[in-house]
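Below is one structure, written out as structure tokens; comments come after it.
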Amino acid sequence: MAASKTADHASATDRSAAWRALFVAWLGWMFDGYETYALVLVAGVAMRDLLPADQLAQAPVYIGGLLAATLVGWATGGVLAGVLADYLGRKRTLMLSIFCYAVFTGLTAFSQTFWMMLVFRFLTGLGLGAEWGPGTAMVAEQWRPAVRGRAAGMLNTAFGFGFLLASGLWLVVAPMGQEAWRLMFLFGIAPAFVLLYIRRSIENPELWVAADARRQAARARAARGEALRPEDHALLRFTMFHVLGTPELRRRLVLLLLMSLTSVVGWWATSTWIPPLAAQLAGQHGQDPQHAAAITGLTYNVGGILGYAAFGFLADAIGRKWSIFLYYLGALLIVWGLFLLVRDPGLFLVAAAVNGFFTSGQFSWMPTYLPEVFPTAVRGSAISLVFDSSRYLAAAGPLLAGWLITTLGGIGSAAAIIGTIYILGLVVVPFAAPETKGQPLPA
């Protein structure tokens, strides 16, 4: 009887730790979403405030530059944080990332020139990218295989809720004047208060603690001059070298990078232009452009939240790879339909929600699938390399889109052209890592 009570208590403790991990990672990712989408919503207004009048015709290129700077910072911070998460632990790295993006998002509010804002967006990007790896690894390592997909999908809804928060706040703030955009970034200091909860309530997952103990033991044996086992050599290699130097892990990495590139480029180079296009359509129909952009952002992000959550349930039901394939296909079709065919503002709202379901919702494949195909000792490094390094190449997406918009004279054609990137994902996903539905994480 005593043994049964002890087991029940341990199980309840494990569940409590899993929910706490999901909660803090959710909060961190929600504020990431807020700060990312706040830039998308206010960039046009900010450029009118920061650019000389003779440069306003090139505003899409400048906006693309801000998005690109954020992506480059995101990629750099994400890759570095992935390594730190493997060596310093999930908890400490998560706290550092939240502090970084809270500080620099707040400082963005005080930008006086475009170039000042560009620097702050790069530094904000460092923190934005750094949050995902440790948070995702922490959640994956504490949830049971049978429901891990649902937990990952729930985690990713945070990004959509962050978008929703930004859209809702912009509805309130936008009428306050030309410099109202600064308030959106000033609100970005709020995540700093999450650090107090993390410090008190969260511990590193047992899987990571065990992997770190094995690494420390291998280091001790090496220091004593003892003979090392093959697994010791693997633990003593720098995590990135281990991932890149192991043939099977390297093969998975390359294919998963192509899939990540599909999702990231598809979103940043197409979906980020939905609010500006909504504003254009509203203006053509005699409606308030800023109101239409904000409402469309809300609709898009409701669709995204539903897409994030639905992916987790679908992945637990039919498998990871089939779910990813279906989301890529849906994204390809709706991007072409929304940007090339829809011209009515009311129908555009509906199409934007469907677009959000597939183009945003598909990002749930990363916290679901990536932690399941890499071992614990290098998990943070590997999943962050896949998720974040693709943003180096994706940074060219907004720049290319901005150039195409000015060259072709419209958002629709440019976004539809770049939207063909989803074909790459459809081709690659069948050859990626093995199906992992219902399987325990590799130790």
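The values are calculated or read from the model by the stated rules, or taken from the named source; none is laboratory data. Predicted, not measured: the structure shown is a model, and the values here were computed from it. Methodologically, a virtual Cβ is constructed for each residue, glycine included, from the backbone with ideal geometry; neighbour enumeration extends over all protein chains shown.
Some points to look at:
- Unmet criterion (only one of (1) of a type outside the set (V, I, T); (2) modelled with pLDDT of 85 or more; (3) outside any helix (DSSP H, G or I)) for A443: (2)
- The single residue among R92, R48 that is over 17 Å from the mean Cα position of the chain (by Cα) and within 24 Å of I411 (Cα to Cα) turns out to be R48.
- Some residue of segment 140-151 being over 26 Å from the mean Cα position of the chain (by Cα) and polar (S, T, N, Q): no
- Test: residue in segment 280-297 that is in a helix (DSSP H, G or I), more than 13 Å from W365 (Cβ to Cβ) and within 18 Å of the chain's Cα centre (by Cα): yes
- Residue within segment 227-243 that is at positive phi, surrounded by fewer than 18 Cβ atoms within 10 Å (Cβ to Cβ) and at pLDDT below 90 present: no
- Count of residues meeting criterion [crowded, with 24+ Cβ neighbours inside 10 Å and acidic (D, E)] in segment 12-44: 2
- Residues within segment 182-218 that are part of a helix (DSSP H, G or I), within 18 Å of A85 (Cα to Cα) and either at pLDDT 90 or above or in contact with a strand residue (DSSP E or B) (Cβ under 9 Å, 6 or more places away or on another chain) (or both), tallied: 11
- Within segment 233-251, the residues that satisfy the criterion of being in contact with a Leu (Cβ under 9 Å, 6 or more places away or on another chain) and without any contact (Cβ under 8 Å) to a residue 60 or more places away in the chain are L236, L244, R250.
- Of all residues in segment 393-430, exactly one satisfies the criterion of being among the aromatic types (F, W, Y) and either under 30 Å from P205 (Cα atoms) or at pLDDT 80 or above (or both), namely Y422.
- Of all the residues in segment 334-346, those that are over 18 Å from D288 (Cβ atoms), part of a helix (DSSP H, G or I) and without any contact (Cβ under 8 Å) to a residue 24 or more places away in the chain number 1.
- Candidate set from segment 260-276 (those that are surrounded by 24 or more Cβ atoms within 10 Å (Cβ to Cβ) and among the aliphatic types (A, V, I, L, M)); member that is farthest from F325 (Cα to Cα): I274
- If you check V354, V350, V265 for being closer than 23 Å to A43 by Cα and either in a helix (DSSP H, G or I) or polar (S, T, N, Q) (or both), only one passes: V265.
- Of note, L326 does not satisfy the criterion of being at pLDDT 90 or above, under 19 Å from the mean Cα position of the chain (by Cα) and surrounded by fewer than 24 Cβ atoms within 10 Å (Cβ to Cβ).
- Cβ-Cβ under 6 Å pairs, at least 6 apart or on other chains, segment 172-187 side buried (at least 20 other Cβ atoms within 10 Å of the Cβ), far side assigned to a helix (DSSP H, G or I) and small (G, A, S): W181/A46; M184/A38
- Residues located in segment 363-392, provided they are among the small types (G, A, S) and modelled with pLDDT of 90 or more: S364, A377, G380, S381, A382, S384
- Residue in segment 160-181 that is under 26 Å from Y327 (Cα atoms), modelled with pLDDT of 90 or more and assigned to a helix (DSSP H, G or I) present: no
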